[in-house]
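Asker: Could you have a look at this structure, given as structure tokens, before my questions?
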Amino acid sequence: MGVTCHPLRVSAAALLTFACLCAPAVAAPPDAQPTDAQPTGAVAPQAAPAEPAKDAVVPPDANAPIAAALPGALGAFDFKTSPVGAGDWPVAVKALHDFYSARNFAPVWVDAKGLTASGQSVLARLLRADEDALDLSPFALPKKPLSDASAADLAAADATLSAAVVAYAMQASGSRIAPTSISPLITAHPGVVAAGAALAAVAAAADPDAALEGYNPQQKGYRALREQLAQARSPAPADPAPVAEAAPSPSRIPDGPSLALGMRDPRVPLVRARLSVPADGAQGEVYDLPLAVAVQAFQRANGLPPNGALTPGTAAALSGGVATPAVKVVPTVSPAHRAAMIAANMEMWRWEPHDMGGERIEINIPDFSLRMMDGENLIHASRVIVGKPDTPTPVFSNSVKYILINPIWRVPDSIIRKEFAPHLADDPNYLTDRGYEVKEIGGRMVVDQPPGEGNALGHIVFMFPNEHDVYLHDTPSRALFGAAHRAFSHGCVRVEQPMALAQLVMGGAGSGWTSARLQSMIGSDERTVMLPHPIPIHLEYFTEFVDASGALQDRDDIYGIATRVAGTIAKSSQD
């Protein structure tokens, strides 16, 4: 992007050969690695030294029998299935041994009289792990006071509590699922806490309950979902069975030519009535974008080619001639399914950075929305267009560093191969006739689209260099923002209000970057403008979230990510 070489004369045959041979290169992102991150809650415990001196803790005589039994008790955690999912449980167990060895096996949570105050505090949190959709079922947590327990039982309880603390902290900080196992396009990197650091921090905390809870995400969105999970699991009257309703007999749509976007036809009002798509006055006979989107959804549901056009086959189906079911079933969602999907979205919150930044941009892909935040305050919201299911928008975090005004679009090889090559076979001048420039740079042929009204990137691009080569940008296809389901792009995110966003990222009111100043720069050569400071950007994937009114919102799982996360959690709980 931004290369302004002079165009060369390249034969269409050569370009076609290039288009057929080139293939996108996809780098395999690394899986999440453990870190020494500390919990992010309101209570911030002081971490104990990772390796205290051997004589730092000497067991009192009364606890000596417990200390003697602890080495044997620590051998009880060789589980067949890892309790930390994708995390490294054998390494965690070694850290557990090292921790106790460094303190001469003095107990942490019990003494000769039973559970200490710290033990009771940490047990209270562990017993509520399911409130955060965590799974500690492999651990036999103490269920009785232990006031008259033997030294062996006390040692087993102490070791179990410590092992469960490690598992809780690792799960809470994102160890259960490697994001890349769900999709290679999810290159988020959970900050999974190291086992020894977590155990040392919680053991040293004045409030172990709060310290342990602090390893969960502390963002408002996560906390709101946790409340919704409790509601979904609370006893409630059973949902009624799905109701079968007789579908109304549709009015027959007369035969006629196929209709595409923008065409006018007297049959259009019948299609609108059939699909419940209203129109504004005299535009009722125009086959507009909302109607085309509704037709496309109908085609998908009925096994027809989802091209959005009113073809004879689609008209027949709408008339009840084929593919239209005689009975309409009103679907219901069971509380168990709703709880599973909420838990899956809570898990995806663990993939977000602990510190998302004060001033930041958040894009929720399934919601087709952009929000610019300042702390918990919303300062800008906009509709966006995201990638199609076969060219999805990736999920990751980065920082916007600069903007391009009047961008030059370097056409990706994948688009040349899949979309341009078929046209070039029929028309060697296909690209040059449409204003594209074919160039050779370093022995490699490239295709650029110069700045202009028809440029696919519009007038402005928000750049955050990344391995996926995606970014936010303007678009000349403004009508697509009128669709409810806006998965139309090749992976980049198209922004409905790019100028308003540009003013904000350049410093907002008082910065000098007014709308008039930005508009005055449009229409010339490509220009790079650095931001005053980088702004964190998070491309997120949440199908369940709580809106500003406190209502739970549910969105289509357009890439199937939430469903795969829920399935992975369910499988790990069954193993």
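Asker: Search the structure for amide H atoms under 5 Å from the amide H of Leu531, placed 1.01 Å from N in the peptide plane, and list their residues when 5 or more places away or on another chain.
Answerer: Hits under the 5 Å cutoff: Tyr402, Ile403.
Asker: What does the highest-first list of 521-530, 454-463, 117-126, 481-490 look like by mean Cβ count within 10 Å?
Answerer: 454-463, 117-126, 481-490, 521-530
Asker: While we're looking at this one, here's another question. Using the Karplus equation 6.51 cos²θ - 1.76 cosθ + 1.60 (θ = phi - 60°), what ³J(HN,Hα) coupling, rounded to whole Hz, does each residue of region 102-113 give in order, writing x for Gly and Pro?
Answerer: Listing the rounded values in order: 5, 10, 6, 6, 5, x, 9, 10, 10, 9, 4, 8 Hz.
Asker: Using each residue's phi in region 260-275, evaluate 6.51 cos²θ - 1.76 cosθ + 1.60 at θ = phi - 60° and report the 3J(HN,Hα) Karplus result to the nearest Hz, with x for Gly and Pro.
Answerer: 10, 3, x, 7, 10, 7, x, 7, 4, x, 5, 5, 4, 5, 5, 9
Asker: Past the 26 Å Cα-Cα mark, which pairs from Lys388/Lys418; Lys418/Lys439; Lys94/Lys144; Lys80/Lys571?
Answerer: Beyond 26 Å: Lys94/Lys144.
Asker: Report the equivalent ellipsoid semi-axes for region 349-489 in whole Å, largest first, defined as the square roots of five times the eigenvalues of the gyration tensor built from alpha carbon atoms. Please list the in-between numbers first.
Answerer: Numbers: eigenvalues 198, 56, 45 Å².
Taking √(5λ) for each eigenvalue gives 31, 17, 15 Å, largest first.
Asker: Please sort 94-107, 166-179 by packing, taking for each peptide the average over its residues of neighbouring beta carbons within 10 angstrom, highest first.
Answerer: The peptides rank, most packed first, as 166-179, 94-107.
Asker: For region 441-575, I need the span (max minus min coordinate) of the C-alpha atoms along each principal axis, in Å, sorted largest to smallest.
Answerer: 60, 48, 32 Å, listed from the longest principal axis down.
Asker: So what's the Cα pair-distance distribution over region 61-216, bin width 5 Å, in %?
Answerer: 1, 10, 20, 22, 21, 13, 6, 3, 2, 1, 0, 0
No lab work stands behind these numbers, since they all come straight from the coordinates. This structure is a prediction, so every number in the text was calculated from the model and none was measured. A quick note on method: Cβ atoms are made from the backbone with ideal geometry, for glycine too, and the neighbour counts reach across all protein chains shown.
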